[in-house]
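Worksheet: one structure, shown below.
The values are calculated or read from the model by the stated rules, or taken from the named source; none is laboratory data. Here the structure is a predicted model, which means the values were calculated and not measured. All Cβ positions, glycine included, derive from the backbone under ideal geometry; neighbour counts span all protein chains shown.
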Amino acid sequence: MATKLLPLRKLSRILKVPSFLSSSSSSSFRKYSYLLEPTRPLLDLSDNVHQFHPPSFSRSFCSRPLDFVGDDSRGPATIDYSLEAFQISSLMHEGEFHRLADSTIHGLQEKLEEFGDDLQIDGFDVDYGNEVLTLRLGDLGTYVLNKQTPNRQIWLSSPASGPSRFDWDQDSQAWIYRRNKANLLRLLETELAQLCGKPINLS
């Protein structure tokens, strides 16, 4: 059966081909025939969908394993004496600590008051209140001793040597600064003798 071909002019109207293509010139038709072809998408998403997967990001923000804990993860030590000394002082019963600390501080108060009776220092004063012993030496400075119950320590603030923390040492039966092995009573005797120009016995 013969196929009936539509005239070029009628075909151009159906496909809405530009008028310049409706001419009978076969060379012009071949030249611009690509315009009649369906436009191919620039990118076939169905064939290349794998190319558009977003990159997978790791949930880990650390280059080291999560269970790794290095020495640099620890902050600076807040206590400047040995761990062994801290453990020993922490084992002391609170009642025993108060007994030893109160005995030391009250004994110092009496000795210092006697010491001040023979001194000619303006502003000399010994005061005890709220578990804090304060020794004022006028222009020479002020000493402060107080109990630190949670640490089982006696803290000293000295105008000569600065702050110190003393733990009870069972072997020597004395309050010892673990950092330099200083004895609380010996330290006070040495500093007061130098500041006041008169020896003192605090034992």
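Observations on the model:
- Lone qualifier among A174, A160 - being without any contact (Cβ under 8 Å) to a residue 60 or more places away in the chain, surrounded by 13 or more Cβ atoms within 10 Å (Cβ to Cβ) and more than 16 Å from S103 (Cβ to Cβ): A160
- The residues of region 166-198 that are charged (D, E, K, R) and assigned to a helix (DSSP H, G or I), listed by number, are R186, E189, E191.
- Selection status of D102, surrounded by fewer than 17 Cβ atoms within 10 Å (Cβ to Cβ), over 18 Å from L187 (Cα atoms), at pLDDT 95 or above and of a type outside the set (S, T, N, Q): yes
- Of the residues making up region 181-203, not one is charged (D, E, K, R) and in contact with a helix residue (DSSP H, G or I) (Cβ under 6 Å, 6 or more places away or on another chain).
- Qualifying residue in region 131-146 (condition: touching a helix residue (DSSP H, G or I) at 6+ places or on another chain (Cβ under 9 Å) and surrounded by fewer than 13 Cβ atoms within 10 Å (Cβ to Cβ)): no
- Here N151 fulfils each of the conditions (1) surrounded by fewer than 16 Cβ atoms within 10 Å (Cβ to Cβ); (2) free of Cβ contacts under 8 Å to residues at least 60 places away in the same chain; (3) closer than 16 Å to D102 by Cα apart from (2).
- Sole exception among (1) assigned to a strand (DSSP E or B); (2) modelled with pLDDT under 95 for W155, by number: (2)
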